[in-house]
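Read the figures in this text as sums done on the coordinates, not as results from a lab. All of these numbers come straight from a predicted model, not from anything done at the bench. Cβ atoms come from the backbone with ideal geometry, glycine included; neighbour counts cover every protein chain shown.
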Amino acid sequence: MIEAYYHQITHLLELYTTSRIVLHSQINMETRAGGQGYLAGSITFQDGSILFLREYLSVAGTQVQREMYSYHYQDAVQQLRFRYDNALHRPQLGTREHKHTPEGIIEGVAPTLAEVLHEIVALLGIP
């Protein structure tokens, strides 16, 4: 199951790289004992902005679950554009899933990596 998920991520990144939206990506994908996985890395876009990502994965039945994730997107001068994560927060939020922006925190948002990449493409103004 984890390997199939990794294949989907690899295919997704190939599509963005082929279209030249992504200049470079380096993603390490580890399969661990007990149906667990970990992926971490970075994706550099055509404008020099970077997405740093981490996911801890587990398998529940026939589904891959993201136990922990962080998608940190910053511009070319290293200023935060947004970060999605499900880390515990202080002060405590109503949900674990949330989005950090320069303007504040939005609760209850838990996108997939594909949705995050789509959001970045929209921010870059690429049709």
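A crude spin-label estimate for the pair Asn86 and Ala33, with each label 7 Å from Cα along the Cβ direction, gives 2.5 nm. Full extension of the chain segment joining Leu15 with Glu3 gains 2.5 nm, where the gain is 0.36 nm per residue of separation less the Cα-Cα distance.
Summing charges over neighbours of Thr31, with a neighbour being any other residue whose Cβ is under 14 Å away from its Cβ, gives -2 when K and R count +1 and D and E count -1. According to the square roots a ≥ b ≥ c of the eigenvalues of the Cα gyration tensor, what is the shape class of the chain, taking rounded for a/c under 1.5, prolate for a/b larger than b/c otherwise, and oblate for the remainder? Verdict is oblate for the chain.
Sites count as exposed loop sites when they are trypsin sites (Lys or Arg not before Pro), lie in a DSSP loop, and have at most 15 other Cβ atoms within 10 angstrom; the longest stretch of the chain without one is 21-95.
Note on Gln26 and Ala40: their simple-model spin labels are 1.3 nm apart, each label 7 Å out from Cα toward Cβ.
Looking at the chain as a GNM with Cα springs under 10 Å, which of Leu13, Leu53, Leu88 has the largest mean-square fluctuation? For the chain, modelled as a Gaussian network with Cα springs under 10 Å, the answer is Leu88.
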